[in-house]
Amino acid sequence: GCVLVVSVIEQLAQWHNSTVKAAVERLCDYIPGKYQIMCHMSCCIDREMNADVVCHSLRLCKQDPGQPLCHLYSPPKKEKHSYGLFYALAHARPKCQIRSKSFMGFSSVCAFPLLANLCEKIKYVLRNKLPFEDFDGDKFSTFPTLRGYHWRGRDCNDKNTTVYPGRRPDNWDAKSDSNCNGIWGVDPKDGIPYEEKFCKGADSRGVVLLGDSAGAHFHIPPEWMTVTQMSAKSFAYLPMAFSDEFDWPQFSEITGFLNSTIGGWTDSLYLRLRKRNRCNHRDLQNISQNVYFPVNIAPYLSFSLARNQLLDNPAVVIYATIGNDVCNRERDTLAHMTTPKEMLSNVVQALRYLDSHLPNGSHVILTGLVDGRFLWDNLHDRYHPLGQLNKDVTYSQLYSFLDCLQVSPCSGWLTPNETLRNLTSERALQLSNVLKEIARSEKFANFDIFYMDFPLRQTAKEWRKMGGEPWQLIEPVDGFHPSQIAAALGTGITWQKALHEWPHVLGKENPFNDQIEAIFKDQGGH
């Protein structure tokens, strides 16, 4: 974190031909008030020292005995000779040691008093995968972030635990909207409740994603690190992003519902199900998490999934942990990958839980793992946003830096070692085959089950037809997650496959959609 912030400050000074102090003030003007913790970092920044030197001098970067000195940039040079990071540090530390004392108590951003309360809220939602603001305890919220309605359909009465998205209507919602789809009341012309008239027999269903950081739609805006594009407008979404764990599920491939503000466009399985049947409005849940290690989903389903087998509509559940089972930050990465035997056990355990909680008539789609060699092949020699100004940081350098720090999101794929990349993809294929076999052989009482490959290659093919380049399908800052464009294109491919191979999963088209929308417009959109 220190290296990223110092890099931006030094590049702002260079781009605007200003002092470091002026660059820090400029950055602080861009950033919303309580997030200005990096404004205290100017004490030790010298434009002649690169970010690696500054951050090691401040002792904000940990180095275990016997471990290499991690650096993002090439070692500093003096005139025509490279004199190395150790030499630079020896000359930088005397003037930084005294000034760095104030940082020692703030080794985490959560130690800063203004952010401590927000961090406690974020820790709560990370542990529970549930909305922090949920007054009636029904697992739905009227608050957008902190696992609120950006992640699950918006609650329409947070003081009544029997009112929430996805439930079957109470007495056809003649008097109130019990399922939050906006359809309630009685038609004065014939005395029939609108919900009964428009939604009875309409095959209503919700969508639930069980996923990883790709499903949560992790994204750090590149303009936060590209000084030529930086402005106060760039950081307008920082508070929201921070309290959503830097995820943007409201724009994601499965549960997106808002127009994208991070490039590309929004297209999602939820939006298509809603368009197909307007009665599906707000029936969505994104139960994904940002972790870079194998995860057994089953244990946290018991407190994070919101579905009542007797009272709620069926659901289409997407099981898509597309990388976690082969991605970790360990040096001996292969030894820490999920084995086929473990994969079988974990997934079947999760499916058995779903079978005991999903309403009858639900559907489960298992998504195969991605072939992550696509990342290195398309990014390694390109410049990262931090390296675009001076052409000095490639994705290969970024991957090596993260691996050295032992925080790489995927040591097996984000590496120059081609053999290791191939072995990681080989394991991913083995695990995908386990999922495929589960879909073929396992039977459950309350849902049918299907398998589909993760459509990365098809997405790249479609994007090329549209005149795009493959690297644009990858998040530019982390060089790892699918971009907004990839998410939107992937939705279309998934939908077409379902439409041709399992049309019953999507439900039938509601012939009353236009009438429902017309009534909404007449009533001011309520």
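Condition first: open to solvent by less than 70 Å² (accessible area, probe 1.4 Å), assigned to a loop (DSSP other than H, G, I, E, B) and either in contact with a Ser or Thr (Cβ under 9 Å, 6 or more places away or on another chain) or within 21 Å of GLU10 (Cα to Cα) (or both). Now tell me which residues in the range 55-68 satisfy that.
Listed by number, the residues that qualify are LEU58, LEU60, CYS61.
Can you confirm whether ASN360 is under 30 Å from ARG167 (Cα atoms), in the same structural domain as ILE449 (by the TED database) and part of a loop (DSSP other than H, G, I, E, B)?
yes
Only one of ALA23, ALA13, ALA111 is at pLDDT below 75, of a type in the set (A, V, I, L, M) and out of contact with any Gly (no Cβ under 6 Å at 6 or more places or on another chain). Can you tell me which?
ALA111 is the lone residue from the list that is at pLDDT below 75, of a type in the set (A, V, I, L, M) and out of contact with any Gly (no Cβ under 6 Å at 6 or more places or on another chain).
For the condition without any contact (Cβ under 8 Å) to a residue 12 or more places away in the chain, assigned to a loop (DSSP other than H, G, I, E, B) and either in the same structural domain as ASP371 (by the TED database) or open to solvent by less than 10 Å² (accessible area, probe 1.4 Å) (or both), what is the one hit in ASN308, ASN259, ASN324, ASN296?
Residue meeting the stated conditions: ASN259.
Among the numbered criteria (1) at negative phi; (2) open to solvent by less than 10 Å² (accessible area, probe 1.4 Å); (3) part of a loop (DSSP other than H, G, I, E, B), which one does ASP177 miss?
(2)
Going through the range 262-285 one residue at a time, which ones are open to solvent by 10 Å² or more (accessible area, probe 1.4 Å), closer than 24 Å to TYR237 by Cα and either modelled with pLDDT under 95 or assigned to a loop (DSSP other than H, G, I, E, B) (or both)?
ILE262, GLY263, GLY264, TRP265, THR266, ASP267, ARG282
In the range 1-35, what count of residues is obtained for those that are of a type outside the set (D, E, K, R), in a helix (DSSP H, G or I) and open to solvent by 50 Å² or more (accessible area, probe 1.4 Å)?
Result for the range 1-35: 4.
Kindly provide the set of residues from the range 158-174 that are touching a Pro at 6+ places or on another chain (Cβ under 7 Å) and surrounded by fewer than 18 Cβ atoms within 10 Å (Cβ to Cβ), ordered by number.
ALA174
Just one of (1) in a loop (DSSP other than H, G, I, E, B); (2) under 22 Å from THR228 (Cβ atoms) trips up GLN397, so point out which.
If we test GLN397 against (1) in a loop (DSSP other than H, G, I, E, B); (2) under 22 Å from THR228 (Cβ atoms), just (1) comes out false.
Among the candidates GLY479, GLY468, GLY492, which residue alone is on the phi > 0 side of the Ramachandran plot and either in the same structural domain as TRP376 (by the TED database) or surrounded by 18 or more Cβ atoms within 10 Å (Cβ to Cβ) (or both)?
Testing whether each residue is on the phi > 0 side of the Ramachandran plot and either in the same structural domain as TRP376 (by the TED database) or surrounded by 18 or more Cβ atoms within 10 Å (Cβ to Cβ) (or both) leaves just GLY479.
Looking at the range 196-216 only, could you name the residues that are free of Cβ contacts under 8 Å to residues at least 40 places away in the same chain and not in a loop (DSSP other than H, G, I, E, B)?
GLU196
Which one of VAL347, VAL370, VAL393, VAL364 is open to solvent by less than 60 Å² (accessible area, probe 1.4 Å), closer than 27 Å to GLN14 by Cα and hydrophobic (A, V, I, L, M, F, W, C)?
VAL393
Test ALA202 against the criterion of being open to solvent by less than 50 Å² (accessible area, probe 1.4 Å), under 24 Å from the mean Cα position of the chain (by Cα) and not acidic (Asp, Glu), and give yes or no.
Spelling it out, it is not the case that ALA202 is open to solvent by less than 50 Å² (accessible area, probe 1.4 Å), under 24 Å from the mean Cα position of the chain (by Cα) and not acidic (Asp, Glu).
Give the residues of the range 425-443 that are touching a Pro at 6+ places or on another chain (Cβ under 9 Å) and either under 25 Å from ASP377 (Cβ atoms) or surrounded by fewer than 19 Cβ atoms within 10 Å (Cβ to Cβ) (or both), sorted by residue number.
ARG427, GLN430, LEU431, ASN433
For the structure I just gave you, tell me whether LYS461 is on the phi < 0 side of the Ramachandran plot, in contact with a strand residue (DSSP E or B) (Cβ under 8 Å, 6 or more places away or on another chain), assigned by the TED database to the domain that holds TYR383 and not aliphatic (A, V, I, L, M).
So LYS461 does not fit the description; no.
Taking the conditions exactly as written (open to solvent by 20 Å² or more (accessible area, probe 1.4 Å), free of Cβ contacts under 8 Å to residues at least 60 places away in the same chain, basic (Lys, Arg) and more than 30 Å from TRP15 (Cα to Cα)), does LYS189 satisfy them or not?
yes
Can you tell me which residues in the range 327-351 are closer than 21 Å to ASN290 by Cα, of a type in the set (Asp, Glu) and either part of a loop (DSSP other than H, G, I, E, B) or not assigned by the TED database to the domain that holds PRO482 (or both)?
Of everything in the range 327-351, just one residue is closer than 21 Å to ASN290 by Cα, of a type in the set (Asp, Glu) and either part of a loop (DSSP other than H, G, I, E, B) or not assigned by the TED database to the domain that holds PRO482 (or both), namely GLU330.
Mind listing whichever residues of the range 140-157 are out of contact with any Lys or Arg (no Cβ under 6 Å at 6 or more places or on another chain), surrounded by 21 or more Cβ atoms within 10 Å (Cβ to Cβ) and part of a loop (DSSP other than H, G, I, E, B)?
Scanning the range 140-157 gives SER141, THR145, ARG147, GLY148, TYR149, HIS150, TRP151, ASP155.
Could you list, in sequence order, all residues of the range 400-424 that are open to solvent by less than 30 Å² (accessible area, probe 1.4 Å), part of a helix (DSSP H, G or I) and within 20 Å of ILE322 (Cα to Cα)?
Answer for the range 400-424, where residues must be open to solvent by less than 30 Å² (accessible area, probe 1.4 Å), part of a helix (DSSP H, G or I) and within 20 Å of ILE322 (Cα to Cα): ARG421, THR424.
The values are calculated or read from the model by the stated rules, or taken from the named source; none is laboratory data. Every value quoted in this text rests on a predicted model; they were computed, and no experiment measured them. With ideal geometry, Cβ positions are generated from the backbone for all residues, glycine too; neighbour counts draw on all protein chains shown. Calculation scope for accessible area: heavy atoms of the full protein, side chains included, ligands and nucleic acids excluded. Shrake-Rupley method; radii C 1.70, N 1.55, O 1.52, S 1.80 Å.
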